[in-house]
Amino acid sequence: MSEYVAPTFKGKAFPCPHCKISSHMIWTDILHSRLDSEDYTLYTYSATCSHCNQCSIWNSTLVLADYSHINSIMIYPDSSGVPLPSKDMPSDVKQDYIEAACIYPKSPRGAVALLRLGLQKLCMHLGGEGKNINADLAKLAEDELVSKKLIRSADIIRIVGNNAVHPGTISDDDFDDVSFKLFALINMIVQQGITEPKEVDNMFGSLPEGPRQAAENRDKPKSK
């Protein structure tokens with residue numbers, strides 16, 4: 001899975017919120033106005049996608065003391081910028097994922113709590129009981145149904161999700177950055193735990209019946 005690049009202020013290229021294609025962006029300063037404080041100026045920019053020629057609109061506050069930008073956010077379209085859910089994501093997990101994406105710009109902690117719930121449901125699709133995420137992950141690792149990499153990705157979501165509702169060791173400054181990346185991790189788990197096994201099964205099922213049957217018989221448990 002290629003690494004997802006989130007839309008960022010003054011970013012040279014990122015997935016367009018309109019056409020979803022990762023494209024070069026052309027930035028234009030379209031409006032600016034002095035705020036109540038003389039120390040700041042509000043700028044409005046457009047970022048035009050070189051693929052579909054549609055634009056996103058961004059607000060950014062310029063700090064006059066050092067000419068740095070703060071509070072830079074996309075205001076149009078109303079998009080969280082998170083990656084789309086995997087096509088093989090189970091429908092009940094996808095429902096939580098989409099809801100998390102919708103509220104993420106206003107409540108990253110709320111989004112993470114929903115992703116944790118989605119992870120719990122995803123564990124059930126991968127063979128867990130769904131009662132305790134930690135126990136489900138341990139069982140999946142013990143049975144070698146998922147890789148250690150996938151377990152570590154799931155642990156990240158579990159731990160950050162716990163921190164979202166119970167203050168832990170993750171600072172508020174780090175939380176927003178980590179929480180955004182959890183969307184990509186959920187997709188990574190679906191890719192490795194559901195999509196890749198399904199693709200292998202489909203390829204195996206397309207083999208000639210004779211060799212396929214011989215391979216299946218070879219892998220059956222030997223009777224004592």
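The values are calculated or read from the model by the stated rules, or taken from the named source; none is laboratory data. Because the structure is a prediction, the values reported are computed rather than measured. With ideal geometry, Cβ positions are generated from the backbone for all residues, glycine too; neighbour counts draw on all protein chains shown. Protein only, heavy atoms only, side chains kept; ligands, DNA and RNA dropped before computing areas. Shrake-Rupley method; radii C 1.70, N 1.55, O 1.52, S 1.80 Å.
When Arg34, Arg109 are checked against the criterion of being without any contact (Cβ under 8 Å) to a residue 12 or more places away in the chain and at negative phi, Arg34 stands alone in meeting it. Looking across region 77-127, the residues that are of a type in the set (Lys, Arg) and not in a helix (DSSP H, G or I) come down to Lys87, Lys106. Considering region 4-14, the residues that are hydrophobic (A, V, I, L, M, F, W, C) and at pLDDT below 80 include one that is most open to solvent (accessible area, probe 1.4 Å), namely Val5. Residues in region 70-84: is at least one small (Gly, Ala, Ser), touching a Leu at 6+ places or on another chain (Cβ under 9 Å), at pLDDT 85 or above and farther than 23 Å from Asp155 by Cβ? Within region 70-84 (the criterion being small (Gly, Ala, Ser), touching a Leu at 6+ places or on another chain (Cβ under 9 Å), at pLDDT 85 or above and farther than 23 Å from Asp155 by Cβ), the answer is no, since none of the residues qualifies.
Pairs linking a residue in region 133-161 that is closer than 20 Å to Tyr97 by Cα to a residue that is of a type in the set (S, T, N, Q) and at pLDDT below 80, with Cβ atoms under 8 Å and 6 or more positions apart or on different chains, are Val160/Ser179. Scan region 168-178 and give yes if some residue there is at pLDDT 70 or above, within 15 Å of Tyr97 (Cβ to Cβ) and assigned to a helix (DSSP H, G or I), otherwise no. No, the conditions are met nowhere in region 168-178.
Of everything in region 85-125 that is within 26 Å of Ser72 (Cβ to Cβ) and of a type in the set (Val, Ile, Thr), the residue that is least open to solvent (accessible area, probe 1.4 Å) is Val112. Condition (residue is in contact with a Ser or Thr (Cβ under 6 Å, 6 or more places away or on another chain) and open to solvent by 80 Å² or more (accessible area, probe 1.4 Å)) applied to region 61-74: is it met by at least one residue? Yes; the residues of region 61-74 include at least one that is in contact with a Ser or Thr (Cβ under 6 Å, 6 or more places away or on another chain) and open to solvent by 80 Å² or more (accessible area, probe 1.4 Å). Scanning region 50-60 for residues that are among the polar types (S, T, N, Q) and open to solvent by 30 Å² or more (accessible area, probe 1.4 Å) turns up Ser50, Asn53, Gln54, Asn59. Only residues that are open to solvent by 60 Å² or more (accessible area, probe 1.4 Å) and outside any strand (DSSP E or B) were counted in region 15-43, giving 6.
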